[in-house]
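K.L.:
This is the structure I want to talk about, given as structure tokens.
Each reported figure results from applying straightforward, stated rules to the coordinates on display, with no laboratory input. Note that the structure is predicted; figures quoted are calculated from it, not measured. Here Cβ is always computed from backbone atoms with ideal geometry, including for glycine, and neighbour counts include all displayed protein chains.
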């Protein structure tokens with residue numbers, strides 16, 4: 001590995017001043033060879049131009065060379081003109097890099113409904129191309145931030161026998177608001193393993209399901225949510241068959257680390273709730289229960305208030321739609337049983353006052369004896385959340 | 001009518017000091033004869049003892065004589081002991097009123113998990129029985145309040161030809177938090193029409209679906225939500241056949257008026273959003289869309305901030321799961337088209353700055369040309385909401 005990055009990748013950042021000057025807001029990842037490429041996109045019916053464009057490019061080709069991210073202009077709800085400007089930005093970048101514009105995957109985050117400022121792109125792209133290889137992972141992670149409080153990046157190394165180590169690195173932004181328009185989650189993960197594009201896509205989908213799909217800040221799914229994964233084979237280490245599980249494991253670790261950071265940096269958040277549902281009829285039911293608890297404004301405000309208000313958790317579970325017998329439910333908060341047998345537990349009082357002072361709050365809800373389980377990370381709901389999101393855009 | 005109430009009903013309030021002294025927190029409605037009785041209860045899987053008790057009583061008998069409400073003790077998640085104490089409270093009341101305890105329907109609101117203080121009941125019940133007929137509708141509405149900012153009551157009169165007018169009155173509480181434990185909605189509506197209990201139940205269910213089921217403050221459904229309806233026939237006016245529509249109409253008006261008050265008095269709320277979805281594939285899809293918009297923390301905080309942030313509304317619609325073509329969507333805010341044809345509307349700028357200063361904010365989302373429609377009333381999300389709900393219980 002060079003620069004701590006997976007082999008055969010270079011990073012660059014530049015300042016286009018899309019919203020205001022004084023910070024880098026353009027980021028580029030370039031692979032020196034075609035990389036197996038996969039993308040996971042928002043399920044929102046309104047999809048931003050870069051989402052539509054990236055999705056289409058991945059449909060036509062299993063490989064890509066680059067990912068181009070801009071922070072400050074979402075290019076969402078911008079109609080045909082937005083699609084055209086997205087394409088222009090890719091063409092300008094490709095010509096400076098001397099690669100095919102179809103080999104660049106775009107991602108954007110910012111205010112909905114505004115057309116991209118193409119002059120800002122034109123002014124900044126020569127620097128972006130010229131800076132290639134000079135940016136570290138942290139610089140890339142910083143350049144894609146919007147209201148994020150800190151850059152989010154993670155890396156791991158996979159060692160298989162005596163072979164060259166396989167490097168994996170990832171960055172993410174969100175789930176802070178965008179200026180202040182919506183929570184957008186963007187992430188790019190890249191790796192130097194040799195892997196079939198179909199296998200890579202499958203691994204990535206599984207790792208995302210185990211990480212980013214299990215966090216909740218405010219329950220909104222933006223028009224721009226995007227995760228790209230590139231695997232360029234530069235390490236020469238082939239991942240196939242039984243080795244896939246090893247790669248999946250560290251890939252999941254990287255994404256879990258990033259996902260944790262998203263919740264920790266949730267808008268105004270002071271807490272990360274680790275909500276474990278066990279003993280449910282099936283995993284889908286466990287997920288339903290976890291999302292009801294983690295999405296409850298009442299649970300979120302109680303956690304902000306450091307209030308062991310177990311009634312709110314039980315109430316959210318009760319309206320979740322999950323199937324269970326209320327008398328079977330056991331609720332543990334920070335390891336102390338608060339509720340069981342349909343009534344308050346006598347252990348209730350054993351919860352130390354300091355328990356809810358911690359940032360990380362563990363909750364386990366046992367619904368019965370079924371095999372279903374789910375873990376969700378969720379942030380609390382605070383005054384800062386309301387302040388950030390009720391400010392005028394101007 | 002006597003005292004402005006439907007005929008043959010008397011009200012009473014008393015102070016049991018369940019939480020603290022200085023206010024009435026017990027309320028009783030008594031009909032001088034058996035009244036057709038119906039109840040609608042929370043869908044939460046954890047059901048409070050008074051909910052289980054009231055449901056069972058209505059299953060066994062189509063009539064009742066009284067409704068007994070206490071504010072301060074939810075009697076939820078209290079196990080067998082809670083069921084026993086609920087029954088005791090009804091028996092003590094019945095013996096003072098010299099009626100059958102099975103003829104009293106109970107409702108409670110307060111902190112989850114605490115057992116009711118039976119001595120407080122014993123001390124207060126003689127006054128409650130002695131005060132019968134001395135309380136006005138507003139007194140009853142005040143006695144069932146918890147963190148509500150104002151009492152909620154409404155009444156209407158139905159005139160059919162030259163017959164005696166039919167009186168209808170209703171009270172409600174919520175959706176403020178309970179001390180601060182959960183949003184509980186309680187309501188009692190009573191009327192002096194002569195009506196078959198089955199028909200009354202059906203009318204009430206339709207009226208509730210058109211009113212209370214269409215409001216959202218914070219999306220939580222409590223363990224105690226209860227609405228009781230009594231029709232005692234004291235006016236002598238028979239409602240059957242085509243007259244049912246007339247009664248349904250004014251019953252719905254009473255409940256809509258109360259439902260509007262719930263949202264207006266939502267915890268910390270400064271706004272009432274009137275969200276109309278039209279042109280959806282069907283009503284269920286329209287409801288899905290309305291609930292996504294009205295439940296979105298981002299839309300709610302934007303309204304608090306008086307920010308015409310249409311991107312958040314479009315984003316919430318896009319993740320709602322409703323079926324539509326994004327290019328068909330037209331979004332009107334306070335009568336001004338903000339978004340159509342998949343892009344920002346040029347009329348955007350015509351929204352007067354004063355529009356979002358109003359308490360009542362009208363939003364219409366046209367999804368297409370389908371017959372589906374739904375209206376939801378929703379409150380905004382404010383600093384006061386967070387303050388109220390993050391305070392320690394103590």
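K.L.:
Go ahead and estimate [θ] at 222 nm for chain B from helices alone: -39,500 (n - 2.57) per DSSP H run with n ≥ 4, summed, over the residue count, rounded to 500.
P.N.:
-10000 deg cm²/dmol
K.L.:
Given points 7 Å out from each Cα along the Cα-Cβ axis, report the residue B:369 to residue A:136 separation in nanometres with one decimal.
P.N.:
6.0
K.L.:
For the ranges B:295-304, A:31-40, A:348-357, what's the packing order if you count other beta-carbon atoms within 10 Å of each residue, average per peptide, and put the highest first?
P.N.:
Numbers: B:295-304: 26.2, A:31-40: 22.0, A:348-357: 12.3.
Answer by packing, highest mean first, reads B:295-304, A:31-40, A:348-357.
K.L.:
Return the distance in nm (one decimal) between the two label points of a simple spin-label model at residue A:98 and residue B:359, each offset 7 Å from Cα along Cα→Cβ.
P.N.:
Distance between label points: 6.9 nm.
K.L.:
Also: Plugging the Kirkwood radius over Cα pairs into Stokes-Einstein for chain B, at a temperature of 10 °C and a viscosity of 1.306 mPa s, what D comes out in µm²/s?
P.N.:
Numbers: Rh = 21.9 Å.
It diffuses with D of about 73 µm²/s by this estimate.
K.L.:
What percent of all Cα-Cα pairs in region A:246-305 falls into each 5 Å bin, going from 0 up to the bin containing the maximum distance?
P.N.:
4, 16, 18, 20, 22, 15, 5, 1, 0
K.L.:
To continue, here is another question. What are the nm distances, shortest first, from residue B:100 to its equivalents in the other copies, labels at 7 Å along Cα→Cβ?
P.N.:
Listed shortest first, these distances are 8.4 nm.
K.L.:
Can you pull the semi-axes for region A:193-289, root of five times each eigenvalue of the Cα gyration tensor, sorted largest first, whole Å? Please report the intermediate quantities before stating the final value.
P.N.:
Values: eigenvalues 161, 61, 30 Å².
In descending order the semi-axes read 28, 17, 12 Å.
K.L.:
Separate question: Along its three principal axes, how long is region B:42-163 when you only count alpha carbons? Whole Å, largest extent first please.
P.N.:
Between the extreme Cα coordinates on each principal axis of region B:42-163 lie 52, 36, 34 Å.
K.L.:
Averaged across A:43-51, how many Cβ atoms of other chains sit within 10 Å of each residue's Cβ atom?
P.N.:
Working: counts 3, 8, 13, 10, 2, 0, 0, 0, 0.
Per residue, the number of nearby Cβ atoms from other chains is 4 on average.
K.L.:
Oh, and also: Taking Cα atoms, how many degrees apart are the long axis of helix A:243-264 and the longest axis of chain A, rounded to 10 and kept between 0 and 90?
P.N.:
Helix A:243-264 sits roughly 70 degrees off the main axis of chain A.
K.L.:
Moving to a separate point now. Given 5 Å bins starting at zero, what is the percent of C-alpha pairs of region B:27-114 in each, up to the one with the largest pair distance?
P.N.:
P(r) for region B:27-114, in whole percents per bin: 3, 15, 28, 26, 18, 8, 2, 0.
K.L.:
Relative to the longest principal axis of chain A, what angle (0 to 90°, nearest 10) does the C-alpha long axis of helix A:49-60 take?
P.N.:
80
K.L.:
Between A:223, A:382, A:146, which gets the highest mean-square fluctuation from a Gaussian network model of chain A, Cα cutoff 10 Å?
P.N.:
A:382
K.L.:
What is region A:280-349 by shape, rounded, prolate or oblate, if you read a ≥ b ≥ c off the alpha carbon gyration tensor as root eigenvalues and call it rounded for a/c under 1.5, prolate for a/b larger than b/c, and oblate otherwise? Numbers along the way, then the final one.
P.N.:
Working: a/c = 2.08, a/b = 1.17, b/c = 1.78.
Since a/c reaches 1.5 but b/c is at least a/b, the shape of region A:280-349 is classed as oblate.
K.L.:
Extent of region A:299-394 along each principal axis, from alpha carbon coordinates, in Å, largest to smallest?
P.N.:
53, 31, 19
K.L.:
Note the direction-averaged projected area, equal to a quarter of the hull surface, for the Cα convex hull of the protein assembly as shown, in nm².
P.N.:
Working: hull surface 139.6 nm².
With every direction weighted equally, the projected area is 34.9 nm².
K.L.:
Here's something else I'd like to know. Return one number: the angle in degrees, 0 to 90 and rounded to the nearest 10, between the long axis of the Cα atoms of helix A:118-130 and the longest principal axis of the Cα atoms of chain A.
P.N.:
In chain A, helix A:118-130 runs at an angle near 80 degrees to the longest axis.
K.L.:
Between residue B:384 and residue A:202, what FRET efficiency comes out of the Förster formula 1/(1 + (r/R0)^6) with R0 = 56 Å and r the beta carbon distance, rounded to 0.05?
P.N.:
On the way: r = 48 Å, r/R0 = 0.86.
Efficiency, from the Cβ-Cβ distance: 0.70.
K.L.:
Test of understanding: what is the full-extension gain from residue B:117 to residue B:328, defined as 0.36 nm times their sequence separation minus their Cα-Cα distance? Walk me through the intermediate numbers first.
P.N.:
Numbers: separation 211, 0.36 × 211 = 75.96 nm, distance 5.81 nm.
Computed gain between residue B:117 and residue B:328 is 70.2 nm.
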